[in-house]
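So the structure is just underneath, and the comments pick up after that.
The values are calculated or read from the model by the stated rules, or taken from the named source; none is laboratory data. Model, not experiment: these values are computed from the prediction. Every residue, glycine as well, gets a Cβ built from its backbone with ideal geometry; the counts of neighbours run over all protein chains shown.
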Amino acid sequence: MILQNLVLPQTSDVSGIYVRSETSGCRFPMELRSGESVSFASYFNYFSLSKWKKYTTIEDLTVFLNFEGRSEIQVDRHTLENGKETVNTISSTVSDGGAVLNLRNVPDTGMLSVSVTALSDVRILGGGFRTDAEPLNDIRIGINVCTYRREKDIIDKIEMFNSFLSSSDNAASNAVEMFVTDNGGTLDNSLVSKNVHIIPNRNLGGSGGFTRGMMEITDSKRFTHILMNDDDASFDPESVYRTRSFLSFLKKEYEKAHIGGAMLMSETPNIVYESGALYSHRGRTLRSAKRGLNLSDTADCLRFDEEEEIDSFGWWYHVMPITYITEEGYPLPLFIKHDDIEYNLRKRSPMITLNGISVWHDTFNRKLPVSNHYSYYYARNYLVVGCTTHELKRCDVTWMIKNAMFEAVCLRYEHAEMMLKGVGHFLKGPEFVFDQCLDGMIRPVPVDIENIDDLREKAEFTDSDTLRKRHYFSRMFTLNGMLLRPKRNIETGTDNMESSDFYRAGKVLYNTGDGKGFIVERSIGRTFSALARSIRLWFKALFLFGRLKRRYRRSLKKYSSEENWRSIFGQGTEDASNHESR
């Protein structure tokens, strides 16, 4: 069985994480002139001895290459020693028209790579790593996609998936299906095929859409695993193939393991945003693993392969066994934000990442500044998850309220109001929060996004770092200069979290980084309104906290149950049948 294929990119802008070549070709067949060489020592084409040896039953390993012409083939082992890359050749051969290298007694750590040097004009047709061993597990994967009015993204994803099926071996193509839950009711039934299913659904948010897909996949009784995949997260089809082959040889002691795909940034497609995360025992934040690694750098690829403690995967690419659902129930009806975190943390399972299993996705700081309803769900659901995991403390509620006040200090009043609204709704209890999923999304406050150059004409703006830093206590007692006359207007990025930069600012031009932006203006009235509301919520939380935390914990089983979700979906049966009849 082929464990992983050598793959090339669809576009040249990501070639650095696929191949290192003297040629410009980025698809098979790849043509080399005599004397030219190509190395597959890259994120997508390394073979991780560390992961395959630890988690699977693989013993024998073979490198195969299909090519025309005469070439020298070399297999290298890459390791990190004292932070520096070390490369050792473990096998090589010269061959005409193809090569097979049987690797025996390979070490248990490090990463393998293949390189080709042309001794004549050569056409490389493909290759990869395979084993003669029979798969230990019969793996069948249901890909679970939730979407809301992103027709183009879904059509592109389905076309990619169909292309993958047509190019895969029969075993793989018959063992993978895609289920798309259509929360917006906008997808055409012409997209449906033997391996692609469209599920009409009410707009119950990501948690409702993903749960509907999970239920359909589980009910079919055809699958061993579910792959959770965001509609706007694109991935190389090899990720799915590699996931299935890895699970096919998974050792018995790891049969309950979850596989997570790294999120690479769409804006900078060779940079890691996250490859798994660790939920803080302080109950405050997730610490993203591998953030900032540059996968076009071979040493960073080796750092990516190093394991660290993680307990959460984002639903941009998260594979879990069906048994996890039968044992733990379904996600909570949180609509969006933190539903994946809460679901991951119910039961601590082995979490595995592997090079080449990943997606490209826009970073979240692009949408947060202008989609202020995310602030509501972030505040509310963060507190809910803290309760269901036993991690939340009174000081964490205070911390969230302080975060809302920070938004007001940065003149982002809509975000402050949304966060305080989220805290207030959390304090109303689990019945209010979980039943709210039926009401649809909280309406965001519109933000006027305009061309950044046009906005710069409306006032004189200086860089935020030109403001002189003030002593913490002087800023605190003047509400960061709010009680003093404004001194200047500033321009800054939407990810600026330095409150001193906003000291005595009258207007702030937020640059969203895509040639656009928006202006906010200070308001003493809105600032004091946020402050007064924060104080009221703090006192309310002080008295309700202990009892409220127990109520959320006790409600977990009820609201994540199959019965509760079937009741929720049943309320949308008429809407779904209308969609199917169109």
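Counting only strands (runs of 3 or more DSSP E) that fall entirely inside segment 204-286 and contain at least 3 residues that are closer than 22 Å to D339 by Cβ and out of contact with any Gly (no Cβ under 6 Å at 6 or more places or on another chain), the qualifying elements are 225-230, 258-265, 277-279. In this structure, is L278 in contact (Cβ under 8 Å) with a residue 12 or more places away in the chain and surrounded by 18 or more Cβ atoms within 10 Å (Cβ to Cβ)? Against the criterion (in contact (Cβ under 8 Å) with a residue 12 or more places away in the chain and surrounded by 18 or more Cβ atoms within 10 Å (Cβ to Cβ)), L278 does not qualify.
Has segment 239-251 got any residue that is farther than 30 Å from R394 by Cα and surrounded by fewer than 17 Cβ atoms within 10 Å (Cβ to Cβ)?
Going through segment 239-251, the residues farther than 30 Å from R394 by Cα turn out to be 239-251.
Checking which are surrounded by fewer than 17 Cβ atoms within 10 Å (Cβ to Cβ) leaves us with 251.
Checking segment 239-251: at least one residue is farther than 30 Å from R394 by Cα and surrounded by fewer than 17 Cβ atoms within 10 Å (Cβ to Cβ).
If you take the residues of segment 136-158 that are among the charged types (D, E, K, R) and over 21 Å from the mean Cα position of the chain (by Cα), which of them is nearest to F335 (Cα to Cα)? Top of the filtered list is R140. Restricted to segment 289-367, the set of helices (runs of 4 or more DSSP H) holding at least 2 residues that are among the hydroxyl-bearing types (S, T, Y) comprises 322-328.
Which residue is nearest to the chain's Cα centre (by Cα), if the candidates are limited to segment 117-127 and must be in a strand (DSSP E or B) and surrounded by fewer than 22 Cβ atoms within 10 Å (Cβ to Cβ)?
G126
Of all residues in segment 128-159 being among the β-branched types (V, I, T) and in a helix (DSSP H, G or I), which is surrounded by the fewest Cβ atoms within 10 Å (Cβ to Cβ)? Residue satisfying both the conditions and the ranking: I155. Taking into account only those residues within segment 371-390 that are in contact with a helix residue (DSSP H, G or I) (Cβ under 8 Å, 6 or more places away or on another chain) and outside any helix (DSSP H, G or I), which is surrounded by the most Cβ atoms within 10 Å (Cβ to Cβ)? If we take residues in segment 371-390 being in contact with a helix residue (DSSP H, G or I) (Cβ under 8 Å, 6 or more places away or on another chain) and outside any helix (DSSP H, G or I), then N372 is surrounded by the most Cβ atoms within 10 Å (Cβ to Cβ).
Candidates are the residues of segment 55-96 that are outside any strand (DSSP E or B) and over 17 Å from G356 (Cβ atoms); the one that is farthest from the chain's Cα centre (by Cα) is G69. Looking at the structure I just gave you, is L293 crowded, with 17+ Cβ neighbours inside 10 Å, in the same structural domain as L227 (by TED's automatic domain parsing), closer than 18 Å to T211 by Cα and not aromatic (F, W, Y)? No, not satisfied.
The residue that is surrounded by the most Cβ atoms within 10 Å (Cβ to Cβ), among those in segment 160-189 that are over 19 Å from H318 (Cα atoms) and within 21 Å of the chain's Cα centre (by Cα), is D182. The set of residues from segment 101-116 being assigned to a strand (DSSP E or B) and surrounded by fewer than 14 Cβ atoms within 10 Å (Cβ to Cβ) comprises just one member, N102. Only residues that are closer than 15 Å to V180 by Cα and either polar (S, T, N, Q) or not assigned by TED's automatic domain parsing to the domain that holds H197 (or both) were counted across segment 208-259, and they come to 5. Going by the structure shown, is R551 in contact (Cβ under 8 Å) with a residue 12 or more places away in the chain, assigned by TED's automatic domain parsing to the domain that holds F406, surrounded by 13 or more Cβ atoms within 10 Å (Cβ to Cβ) and part of a helix (DSSP H, G or I)? Against the criterion (in contact (Cβ under 8 Å) with a residue 12 or more places away in the chain, assigned by TED's automatic domain parsing to the domain that holds F406, surrounded by 13 or more Cβ atoms within 10 Å (Cβ to Cβ) and part of a helix (DSSP H, G or I)), R551 does not qualify.
Does at least one position in segment 299-306 carry a residue that is closer than 30 Å to D13 by Cα and small (G, A, S)?
Restricting attention to segment 299-306, the residues satisfying the condition of being closer than 30 Å to D13 by Cα are 299-306.
From what is left, the residues that are small (G, A, S) are 299.
Yes, because at least one residue in segment 299-306 is closer than 30 Å to D13 by Cα and small (G, A, S).
Determine whether segment 190-198 contains at least one residue that is surrounded by 17 or more Cβ atoms within 10 Å (Cβ to Cβ) and part of a helix (DSSP H, G or I). Yes; the residues of segment 190-198 include at least one that is surrounded by 17 or more Cβ atoms within 10 Å (Cβ to Cβ) and part of a helix (DSSP H, G or I).
Given (1) of a type in the set (S, T, N, Q); (2) modelled with pLDDT of 95 or more; (3) surrounded by fewer than 24 Cβ atoms within 10 Å (Cβ to Cβ), where does N203 come up short, assuming only one miss? Here N203 clears every test but (2). Checked against the criterion of being surrounded by fewer than 16 Cβ atoms within 10 Å (Cβ to Cβ) and either among the polar types (S, T, N, Q) or closer than 21 Å to I519 by Cβ (or both), segment 397-420 contains one or more residues that satisfy it.
State whether the residues of segment 47-57 include one that is in contact with a Phe, Trp or Tyr (Cβ under 8 Å, 6 or more places away or on another chain) and within 18 Å of I124 (Cβ to Cβ). So far as segment 47-57 goes, yes, one or more of its residues are in contact with a Phe, Trp or Tyr (Cβ under 8 Å, 6 or more places away or on another chain) and within 18 Å of I124 (Cβ to Cβ).
Hey, among K487, K516, which residue is in the same structural domain as D396 (by TED's automatic domain parsing) and either loosely packed, with under 15 Cβ neighbours inside 10 Å or under 30 Å from F426 (Cβ atoms) (or both)? Walk me through it before giving the result.
Working: K516 fails: either loosely packed, with under 15 Cβ neighbours inside 10 Å or under 30 Å from F426 (Cβ atoms) (or both).
From the options K487, K516, the qualifying one is K487.
Would you confirm, using the coordinates I've provided, whether L65 is hydrophobic (A, V, I, L, M, F, W, C), over 30 Å from Y254 (Cβ atoms), modelled with pLDDT of 95 or more and assigned by TED's automatic domain parsing to the domain that holds T79? Break it down stepwise before answering.
On the way: hydrophobic (A, V, I, L, M, F, W, C): yes; over 30 Å from Y254 (Cβ atoms): yes; modelled with pLDDT of 95 or more: yes; assigned by TED's automatic domain parsing to the domain that holds T79: yes.
It is true that L65 is hydrophobic (A, V, I, L, M, F, W, C), over 30 Å from Y254 (Cβ atoms), modelled with pLDDT of 95 or more and assigned by TED's automatic domain parsing to the domain that holds T79.
Is at least one residue of segment 47-56 under 26 Å from L250 (Cβ atoms) and out of contact with any strand residue (DSSP E or B) (no Cβ under 8 Å at 6 or more places or on another chain)? Yes, that holds for at least one residue.
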